[in-house]
Amino acid sequence: MTLTQKASYIIQLPLEEKAWLIAFFIGSLISRIAILALPMNKLTRFMGHHLENRMVCIPASQKNTLTAIKMGRLMNMVSNNVPWKCACLSEALCLKWLLNRYRIPYVLYLGATLTSTSVTSIKAHAWVDVGEQTIIDNYDDIDYRVTATFTSMKLN
């Protein structure tokens, strides 16, 4: 997509979605700084209610799911066009914040997998689900083992 096409697309967006773009732009910078400056145990305080490493599904209405999908597409657009690194964790933190503002239930997952390179290393990943739909950052065809689960509401 050329710059002109992007500008045309943004101009045609409803006002609310333009506000989301601005929030995601600012949020991606703030989350990037937080990821670089804070240790992970401090950062996880902003992710939601911790459920250890369980896969869960919190039901969401069709309207909430569709809204979340729109948010995810716009977050992806922002993350691909900012001058700083905006990887999956930054995207997940930004999206989670906006989902919270709209009272849309979410599940934020952190996962990891071993990579088979000359030296075995761990590859980490973050993604967000609303209902049964993965909103941002699918698995990239890699089987990530869930290492931490955070939700918008406290579950037993």
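The values are calculated or read from the model by the stated rules, or taken from the named source; none is laboratory data. Everything numeric in this text was worked out from a predicted model, so none of it was measured. Here the Cβ is made from the backbone with ideal geometry for all residues, glycine too, and neighbour counts use every protein chain on show.
So which residues in region 101-133 are at pLDDT below 90 and loosely packed, with under 13 Cβ neighbours inside 10 Å, if there are any at all?
Of everything in region 101-133, those that are at pLDDT below 90 and loosely packed, with under 13 Cβ neighbours inside 10 Å turn out to be Leu114, Thr115, Ser116, Thr117, Ser118, Val119, Thr120, Ser121, Ile122.
In the list Ala68, Ala7, which residue meets the criterion of being within 15 Å of Ala92 (Cβ to Cβ) and either loosely packed, with under 12 Cβ neighbours inside 10 Å or modelled with pLDDT of 95 or more (or both)?
From the options Ala68, Ala7, the qualifying one is Ala68.
Looking for something among the charged types (D, E, K, R), under 27 Å from Tyr144 (Cα atoms) and either in contact (Cβ under 8 Å) with a residue 24 or more places away in the chain or in contact with a Ser or Thr (Cβ under 9 Å, 6 or more places away or on another chain) (or both) - is there at least one such residue anywhere in region 32-39?
Among the residues of region 32-39, at least one is among the charged types (D, E, K, R), under 27 Å from Tyr144 (Cα atoms) and either in contact (Cβ under 8 Å) with a residue 24 or more places away in the chain or in contact with a Ser or Thr (Cβ under 9 Å, 6 or more places away or on another chain) (or both), which makes the answer yes.
Consider Thr44 against the criteria (1) assigned to a helix (DSSP H, G or I); (2) more than 16 Å from Phe25 (Cα to Cα); (3) without any contact (Cβ under 8 Å) to a residue 40 or more places away in the chain; (4) not small (Gly, Ala, Ser): it satisfies all of them except one. Which criterion is unmet?
Failed condition: (3).
Of the residues that make up region 17-39, is at least one at pLDDT below 90, loosely packed, with under 11 Cβ neighbours inside 10 Å and part of a helix (DSSP H, G or I)?
no
Just need a number here: residues in region 99-112 that are among the β-branched types (Val, Ile, Thr) and closer than 16 Å to Thr149 by Cβ.
1
Residues in region 109-119: is at least one closer than 15 Å to Lys70 by Cα and either of a type in the set (A, V, I, L, M) or in contact with a Cys (Cβ under 9 Å, 6 or more places away or on another chain) (or both)?
no
Looking only at residues that are under 15 Å from Trp127 (Cβ atoms), touching a residue at least 40 places away in the same chain (Cβ under 8 Å) and part of a loop (DSSP other than H, G, I, E, B) in region 55-90, which one is nearest to the chain's Cα centre (by Cα)?
Among those residues, the one meeting the criterion is Cys86.
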